Amino acid sequence: MLFQQTLWPKTSKYRKIFCVLLCKDIFVMRYLICIHFILLFPLLSGNAQNYTLVVHGGAGPISKVMPAEIQQQYIETLDSALAIGAAILEKGGTAIDAVENVIVYFENCPLYNAGKGAVFTWEGKNELDASIMDGSNLMAGAVAGVTRIKNPIRAARKVMEASPHVMLAGESANLFAGEQGLELVENTYFKTDKRWESFERQKSMFVKDKKGTVGCVALDKSGNLAAGTSTGGMHLKRWGRIGDSPIIGAGTYADNKTCAVSCTGHGEYFIRLCVARDIAARMEYKQIPLEDAATETIDKLTEIGGFGGIIAVDADGNPVMRFNTTGMFRGYVKSNGEKFIGMFE
């Protein structure tokens, strides 16, 4: 009653004016609320506008006596890989696109054991493996033992998106890639003089070089995680050997609830421990941070005699890089401009 007596106009004329002003005020208030929500949404939603990208180029007995010019080549290529991924994520691109394109760059770089420049089998051929996983829906794809696909990571993604399967192997995977319009090459395309000289020297001494696998993990601005891994496998491998790189859960894993992981090292041990999934499982079931989960898993790997390393990123964009070897080619970049590139312990 008091409201009616003090605020509500008594005449119909003034009542109409009052209603119009009131409606305008409500419209303005709604407009301001919407603007404030848009401006505050990135803060209210945590890391929705942040991204992180982590890469590796293999772990192993990397020596600090490596010539300075070779070290510089690794630094420059790792930096280029980070720039490629960051450019995609900065524009709002997806984690899965960033991971794929970064690994394509590595596959086209003869410096690494993936794609062009991959190591040789005992018979002197190149057999390549790759896998990719989308943390937003747990979809995954992989190829193993392929010999004619220029970029195996692209084939892995096609398996994920254009087939009902998770892994294809050998000549059938080559044929599938061709049907999907991917570029096929002769096996000699992957050969480089440096790798061939290494093959002939190491075969005579039966020395196996296990470093060089490449990988990438990413968190995009939408909060989605993705991981991918690509490799030429173990030097001088025989009998169609397949390592952890194309095996989801062993060499690659991604789940928005926990983290994205890519592995490198002696694959047989990573397969036995399901290293990539083990890290995510420790986070999920023990409710511990990614850093602790990765440390526990690498400690377990060391206990059973395995060696290698992992890169990972969690749902909050925290990068982790763990290894038990003398070095791992690695780096990360974050949306706030923070960047790191390293090779040794």
Neighbouring Cβ atoms within 10 Å as the yardstick, rank ARG157, ARG282, ARG241, ARG272 fewest first.
ARG272, ARG241, ARG282, ARG157
Just check region 52-344 against the gyration tensor rule for me: Cα atoms, a ≥ b ≥ c as the square roots of the eigenvalues, rounded for a/c under 1.5, and otherwise prolate or oblate depending on whether a/b exceeds b/c.
rounded
Residue separation between TRP196 and ARG272 times 0.36 nm, minus their alpha-carbon distance, gives in nm 24.3 nm
I need CYS216, CYS259 ordered by Cβ neighbour count within 10 Å, fewest first.
CYS259, CYS216
Tally Lys and Arg at +1 and Asp and Glu at -1 over the other residues with C-beta under 13 Å from the C-beta of THR188: what net charge comes out?
+4
Going by C-beta contacts inside 10 Å, put VAL65, VAL104 in order with the fewest on the left.
VAL65, VAL104
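No lab work stands behind these numbers, since they all come straight from the coordinates. Please read all numbers here as calculations on a predicted model, not as lab measurements. Every residue, glycine as well, gets a Cβ built from its backbone with ideal geometry; the counts of neighbours run over all protein chains shown.
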